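Enquirer: Structure incoming, see below.
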Amino acid sequence: QQKAREWMRNAQVIAHKSEEYEQRLEELGRERRKRGELHEYRELKNLDDRVNDLRKDVDDKQRALEGYSALPPDISLAYLKLEEAKQALDQLRIDCEDAVAAAFN
């Protein structure tokens, strides 16, 4: 019988605390609505996804811009740089073929 009284008392305390927490939650909700700060998780997640998409777009555009900024201001200089890059690529191909040949011979 002592145990039963303890359980009843504990159940009453828990019920009281539950009511107290519900009231506090409602109060906080009213305060947030007054301030206009009520955001749903889905809304925040969508905003976060949108920010990440925009960040990716900015990064892509930044890389493209950096590629353009490396170009010389004059078209003839650009052609000269292009020829230098082609020669360097040809040399790398020769070096690669030599390395493969040396590895398998």
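Enquirer: When the expected Rg is taken as 2.2 N^0.38 Å, what fraction or multiple of it is the alpha-carbon Rg of region 60-105? Walk me through the numbers on the way to the answer.
Expert: Working: Rg = 16.0 Å, N = 46, 2.2 N^0.38 = 9.4 Å.
With N residues counted in region 60-105, Rg over 2.2 N^0.38 Å equals 1.70.
Enquirer: Could you tell me which GluC sites (Glu not before Pro) in the chain are loop residues by DSSP with no more than 11 other beta carbons within 10 angstrom of their beta carbon?
Expert: Those that pass, being in a loop and sparsely packed, are Glu37, Glu40.
Enquirer: Where is the GNM fluctuation largest for the chain (alpha-carbon springs, 10 angstrom cutoff): Asp60, Asp49, Asp95?
Expert: Asp95
Enquirer: What is the spin-label model distance, in nm, from Lys17 to Arg33 if the labels are put 7 Å beyond Cα along the C-beta direction?
Expert: Result: 2.8 nm between the two label points.
Enquirer: Could you pull the Cα extents of region 20-105 along its three principal axes, largest to smallest, in whole Å?
Expert: Projected onto its principal axes, the Cα set of region 20-105 covers 82, 44, 13 Å.
Enquirer: Need one number: nm distance between label points at Ser76 and Ala64, each 7 Å from Cα along Cα→Cβ, rounded to one decimal.
Expert: Result: 3.1 nm between the two label points.
Enquirer: Shifting gears a bit: Solvent-accessible area per residue for region 52-105 at a 1.4 Å probe radius, Å²?
Expert: In whole numbers, region 52-105 has 92 Å² accessible per residue.
Enquirer: Follow-up question, since we're still on this one. Cut-off 10 angstrom, C-alpha nodes, Gaussian network model of the chain. Which of Arg42, Arg93, Arg32 fluctuates the most?
Expert: For the chain, modelled as a Gaussian network with Cα springs under 10 Å, the answer is Arg93.
Enquirer: If you average the alpha carbon positions of region 52-105 and of region 9-25, how far apart do those two centres end up, in angstrom?
Expert: 69 Å
Enquirer: If you don't mind, another one. How many percent of the accessible area of the chain is carbon or sulfur, using a 1.4 Å probe? Numbers along the way, then the final one.
Expert: On the way: 5710 of 10120 Å².
Reported share for carbon and sulfur atoms: 56 percent.
The values are calculated or read from the model by the stated rules, or taken from the named source; none is laboratory data. All values reported here derive from a predicted model rather than from experimental measurement. Glycine gets a Cβ as well: all are built from the backbone with ideal geometry, and neighbour counts include every protein chain shown. Only protein heavy atoms, including side chains, enter the accessible area calculation; ligands, DNA and RNA are left aside. Shrake-Rupley method; radii C 1.70, N 1.55, O 1.52, S 1.80 Å.
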